[in-house]
Amino acid sequence: MEQVQLRSPHLLGLEELTREEIQLILDTADSFKEVIERPIRKVPALRGKSVVNLFFEPSTRTRISFEIAEKQLSADVINFSASTSSVAKGETLRDTVRNIEAMKVDVVVIRHAAAGAPQFLTRCLTHSVVINAGDGAHEHPTQGLLDLLTIRDRFGRVDGLRVVIVGDIAHSRVARSNIWGLRTMGASVAVCGPPTLIPPGIETMGVEVFYRVEDALREADVINVLRIQLERQHGGLFPTLREYARTFGITPERLIHTKPHAIIMHPGPINRGVELSTDVADSERSVILDQVTNGIAIRMAVLYLLNRGGDDDVE
Amino acid sequence: MTSNRGPARLTDGRGLVVIRGGRIVDPASGRDEVGDVWMEDGRMIERPSDAREETGGRRPFVIDARGKVVTPGLIDMHVHLREPGREDKETIQSGARAGSAGGFTAVACMPNTDPVIDNAEVVHFVLERARQADIKVYPIGAITKGERGEQLAEIAEMVDAGIVGISDDGKNVDDPAIMRRALEYAKMFGIPVIPHCEDMNLSAGGVMNEGVVSTVLGLKGIPNAAEEVIVARDITLTELTGSRLHIAHVSTAGSVVLIREAKRRGIAVTAEATPHHFSLTDEAVRTYDTNTKVNPPLRTARDVEAIQEGLADGTIDVIATDHAPHTIDDKAVEYDLAPFGLIGLETALGLVIARLVQTGTLSLMDAIRKMTVAPARILGLPGGTLEPGAPADVTVFDPDRQWRVTPDVFLSRSRNSPFYGWTLRGAVEYTIVDGRVSGWAMPGGEKT
């Protein structure tokens, strides 16, 4: 494992990662899982390092998950959210992050509504590591990685599995990171939703497209259900949430003809009764809370690998 | 940042000037031959019988153009000079200087300034500023007041004041009835209506071409159809009104088909394409470089090919830059937030030669036609030819000299070019306006 390293100093997306790099992150996350289970959940890997969580978009679980991961690695953590910041005073993103970097920050974790904001940061900053915690509809790499880890936990592999992503593919960074990661790791991927929520040319990312959810689910080992947002209804992309739920909602009836071992994933937060019925969300098939736990291990692994100075080890 | 290029004003426009031994390319007369070009007191002339270079008599100012190309002064019928209103991005003077450095002797400036060029007073202001500029500046007036698309601007007064066309460029005229009336009204002046074709409902919120790349990048796309439905509409309205339409910055394969068909049917439509739309695809957006954010957006390879075919078969009459300066601060933001536009005056000729002429898509004659006599005829401008009697507007460039695009070559007040690192071909050496000779040096160039 030590021969492989991450090639980029930043984590911007899964599109750029090789199979070996993803493998390395997942394996490293596995070893951090043991740390999470300890009574004293703390390792010194990032001691003396400062990490700033720059959240320009509301987020609960991703921000908390990063913060826990950072603290368990003994980093000094600074939280920043747009509403309390100088952004409200009209400062540009460039100035904001350059000022923060001037305070000797080592890692910048960014969540931003604009796709490409993390790439933009790498051009503004001179030495900080940038970790993308979700940029617009572009990527959410740590979510993609924690989904891969959850799948690997359950099946022992990712290679050869059939993964179906259901919902608003067009506006989903989770879908994109999942597609890249899953394809790189050898899974076959299908996406399913109304054509208004399937972005043009998605097939070129190596996925099959289904408009009928029953057809999509038939061969699935993994069903990843995306959150559907009310604002898409207002944008005219489908008539009503009610009709969406009837046409694409994952219900026990829709799962009757799927493989018995097929698992249900969801990046959260769930709209119960819309994209996912409560019975399914809380069923034996659901690994949704495992995803949340794995999120911490994945973020610890990413933070650790991007800050590895040399000889310090997980232990 | 200051540029490392000239200019040197070499003559004041009075007296004799001769350009010796260059390859003369004059599409208006069909000349393509090595020879001398003469001008006197701001006009093109035949060789005067009393000219002497060594033995007394009248001594001309001599430009040695051996190995160089001599063409009518280039005309860019689509630029944004930002004055009045955003002089931090560009002024009429700085834009004209950038034009001169790019080989242009005349530009037509779009009215989306602040205030909008929608009345005679603003036209007078622009023309007053243009008097001190290095090259000729012809204002285009707005179609509607404030470019708001609601009420026709005072077009007759603006024509009297000196506009050469009308456009709400940067904005679509959404109401087809207003567009119909604009086309009808413009007929009495013989000026073209120049639409910016974009269905604002289809493009709403889009920041780049809609397609595979926008899907991968997670950026909101602008479909080709946003342009094409309005191109089709405006062609139909031109047929209805018997007016004259010049379609700005054509970017899609479908628009090329629509325009080709309209011309075949004898409708009075002309069209222009920009160097960036025949040189770049939406792949350039992959780095989220905001200098690639432009409207209409950079399209796919298929569209670029269609634009080049349209240029080659005459469907697209004109090459125009849509020069749209923005400050570094304006562009150093998230892709979604950056303004649309890129600078084009100083890279246009180099892109035309490198991407169209060298590749065999266009002959040098046809390329120069689309940058001289074609826009001159559409806008009814003097010039565009080297024939005796024409204004002494001439461009001399070295067609073989290569140069690399770096921020310090630009004379524009702005630096928002997507072409950094590109090697272009063709370096402007002299730009002559009404017989006034400006010499330009392109540093770091190399002969191949």
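Taking the condition of being surrounded by fewer than 23 Cβ atoms within 10 Å (Cβ to Cβ), in contact (Cβ under 8 Å) with a residue 40 or more places away in the chain and closer than 27 Å to B:VAL294 by Cα, how many residues in the range B:173-197 meet it?
Selection size over the range B:173-197: 1.
For the range B:13-32, name all the residues that are under 26 Å from the mean Cα position of the chain (by Cα) and among the charged types (D, E, K, R).
B:ARG23, B:ASP26, B:ARG31, B:ASP32
Is it the case that the range A:125-134 has a residue that's among the hydroxyl-bearing types (Ser, Thr, Tyr), in contact with a helix residue (DSSP H, G or I) (Cβ under 6 Å, 6 or more places away or on another chain), over 24 Å from A:VAL189 (Cβ atoms) and away from chain B (no Cβ under 14 Å)?
So far as the range A:125-134 goes, yes, one or more of its residues are among the hydroxyl-bearing types (Ser, Thr, Tyr), in contact with a helix residue (DSSP H, G or I) (Cβ under 6 Å, 6 or more places away or on another chain), over 24 Å from A:VAL189 (Cβ atoms) and away from chain B (no Cβ under 14 Å).
Among the residues of the range B:297-330, write down those that are outside any loop (DSSP other than H, G, I, E, B) and not aliphatic (A, V, I, L, M).
Those that are outside any loop (DSSP other than H, G, I, E, B) and not aliphatic (A, V, I, L, M): B:ARG302, B:ASP303, B:GLU305, B:GLN308, B:GLU309, B:GLY310, B:HIS323, B:ASP329, B:ASP330.
Hey, among the residues in the range B:330-355 that are farther than 22 Å from A:LEU125 by Cα and more than 16 Å from the chain's Cα centre (by Cα), which one's farthest from the other protein chains (Cβ to nearest Cβ)?
B:ALA354
Would you mention how many residues in the range B:198-212 are open to solvent by less than 20 Å² (accessible area, probe 1.4 Å) and either within 13 Å of chain A (Cβ to nearest Cβ) or over 23 Å from the mean Cα position of the chain (by Cα) (or both)?
So the answer is 6.
Mind listing just one residue for me: the one in the range A:181-205 that is facing chain B (nearest Cβ under 9 Å) and of a type in the set (A, V, I, L, M, F, W, C) and, of those, farthest from A:GLN229 (Cα to Cα)?
For the range A:181-205, the residue satisfying everything is A:MET205.
Hey, can you tell me all the residues within the range A:164-179 that are more than 9 Å from chain B (Cβ to nearest Cβ), out of contact with any His (no Cβ under 7 Å at 6 or more places or on another chain) and of a type outside the set (A, V, I, L, M)?
Listed by number, the residues that qualify are A:GLY167, A:ASP168, A:ASN178.
Enumerate the strands (runs of 3 or more DSSP E) found wholly within the range A:187-246, keeping only those where 1 or more residues are surrounded by fewer than 19 Cβ atoms within 10 Å (Cβ to Cβ).
A:188-192, A:207-210
Could you tell me whether any residue of the range B:28-46 is open to solvent by 50 Å² or more (accessible area, probe 1.4 Å), closer than 30 Å to B:ASN119 by Cα and assigned to a loop (DSSP other than H, G, I, E, B)?
no
Would you be able to say whether some residue in the range B:56-79 is aromatic (Phe, Trp, Tyr) and open to solvent by less than 30 Å² (accessible area, probe 1.4 Å)?
For the range B:56-79, residues aromatic (Phe, Trp, Tyr) and open to solvent by less than 30 Å² (accessible area, probe 1.4 Å): absent.
Would you pick out the residues in the range A:115-130 that are buried (at least 24 other Cβ atoms within 10 Å of the Cβ) and either hydrophobic (A, V, I, L, M, F, W, C) or assigned to a strand (DSSP E or B) (or both)?
Once the filter is applied, which keeps residues that are buried (at least 24 other Cβ atoms within 10 Å of the Cβ) and either hydrophobic (A, V, I, L, M, F, W, C) or assigned to a strand (DSSP E or B) (or both), the range A:115-130 yields A:ALA115, A:ALA117, A:PHE120, A:LEU121, A:VAL130.
Out of the residues in the range B:213-234 meeting the condition of being away from chain A (no Cβ under 13 Å) and crowded, with 23+ Cβ neighbours inside 10 Å, tell me which one is farthest from A:PRO199 (Cα to Cα).
Among those that are away from chain A (no Cβ under 13 Å) and crowded, with 23+ Cβ neighbours inside 10 Å, it is B:ASP234.
Say whether the condition of being open to solvent by 20 Å² or more (accessible area, probe 1.4 Å), more than 18 Å from the chain's Cα centre (by Cα) and either of a type in the set (Val, Ile, Thr) or within 14 Å of another protein chain (Cβ to nearest Cβ) (or both) is met by at least one residue in the range A:56-66.
no
Which of the residues belonging to the range B:392-435 are more than 26 Å from B:VAL70 (Cβ to Cβ) and open to solvent by 40 Å² or more (accessible area, probe 1.4 Å)?
B:THR406, B:PRO407, B:ASP408, B:ARG413, B:TYR420, listed by residue number.
Take the residues in the range B:240-283 that are open to solvent by 30 Å² or more (accessible area, probe 1.4 Å) and within 14 Å of another protein chain (Cβ to nearest Cβ); name whichever of them is nearest to B:ALA376 (Cα to Cα).
Filtering first and then ranking leaves B:THR281.
Go through the range B:287-296 and give me each residue that's buried (at least 24 other Cβ atoms within 10 Å of the Cβ), part of a loop (DSSP other than H, G, I, E, B) and within 13 Å of chain A (Cβ to nearest Cβ).
Once the filter is applied, which keeps residues that are buried (at least 24 other Cβ atoms within 10 Å of the Cβ), part of a loop (DSSP other than H, G, I, E, B) and within 13 Å of chain A (Cβ to nearest Cβ), the range B:287-296 yields B:TYR288, B:LYS293.
Pairs, please: C-beta under 7 Å, at least 6 apart or cross-chain, first residue at negative phi and in the range A:93-104, second open to solvent by less than 10 Å² (accessible area, probe 1.4 Å) and of a type in the set (Gly, Ala, Ser)?
Qualifying pairs under 7 Å: A:LEU93/A:ALA117; A:GLU101/A:SER128.
When you check A:THR258 against the structure, is it surrounded by fewer than 23 Cβ atoms within 10 Å (Cβ to Cβ) and assigned to a helix (DSSP H, G or I), yes or no?
no
What tally of residues in the range B:393-407 results from selecting those that are closer than 13 Å to B:GLY103 by Cβ and among the basic types (Lys, Arg)?
Of the residues in that region, 1 qualify.
Counting just the residues of the range A:9-49 that are among the acidic types (Asp, Glu), under 18 Å from A:LEU306 (Cα atoms) and more than 14 Å from chain B (Cβ to nearest Cβ), which one comes out surrounded by the most Cβ atoms within 10 Å (Cβ to Cβ)?
Here the answer is A:GLU21.
If the requirement is being open to solvent by 10 Å² or more (accessible area, probe 1.4 Å), within 12 Å of B:PRO72 (Cα to Cα) and free of Cβ contacts under 8 Å to residues at least 60 places away in the same chain, which of these qualifies: B:PRO382, B:PRO388?
Step by step, each of B:PRO382, B:PRO388 is checked, and only B:PRO382 is open to solvent by 10 Å² or more (accessible area, probe 1.4 Å), within 12 Å of B:PRO72 (Cα to Cα) and free of Cβ contacts under 8 Å to residues at least 60 places away in the same chain.
Taking into account only those residues within the range B:103-156 that are more than 21 Å from B:ILE319 (Cα to Cα) and among the polar types (S, T, N, Q), which is least open to solvent (accessible area, probe 1.4 Å)?
Ranking the candidates gives B:THR144 first.
For the range A:135-156, give me each residue that is aliphatic (A, V, I, L, M) and over 13 Å from the mean Cα position of the chain (by Cα).
A:ILE151
Give the residue, chosen from A:VAL77, A:VAL52, that is open to solvent by less than 10 Å² (accessible area, probe 1.4 Å) and modelled with pLDDT of 95 or more.
A:VAL52
Could you check A:GLY249 against (1) away from chain B (no Cβ under 14 Å); (2) in contact (Cβ under 8 Å) with a residue 60 or more places away in the chain and say which number it fails?
Going through (1) away from chain B (no Cβ under 14 Å); (2) in contact (Cβ under 8 Å) with a residue 60 or more places away in the chain one by one, A:GLY249 breaks only (2).
The values are calculated or read from the model by the stated rules, or taken from the named source; none is laboratory data. Treat the numbers as computed from the prediction; the structure is a model and nothing was measured. Because the Cβ atoms are built from the backbone with ideal geometry, glycine has one as well, and the counts that use them run over all protein chains shown. The area values use the complete protein model at the heavy-atom level, side chains included, leaving out ligands, DNA and RNA. Shrake-Rupley method; radii C 1.70, N 1.55, O 1.52, S 1.80 Å.
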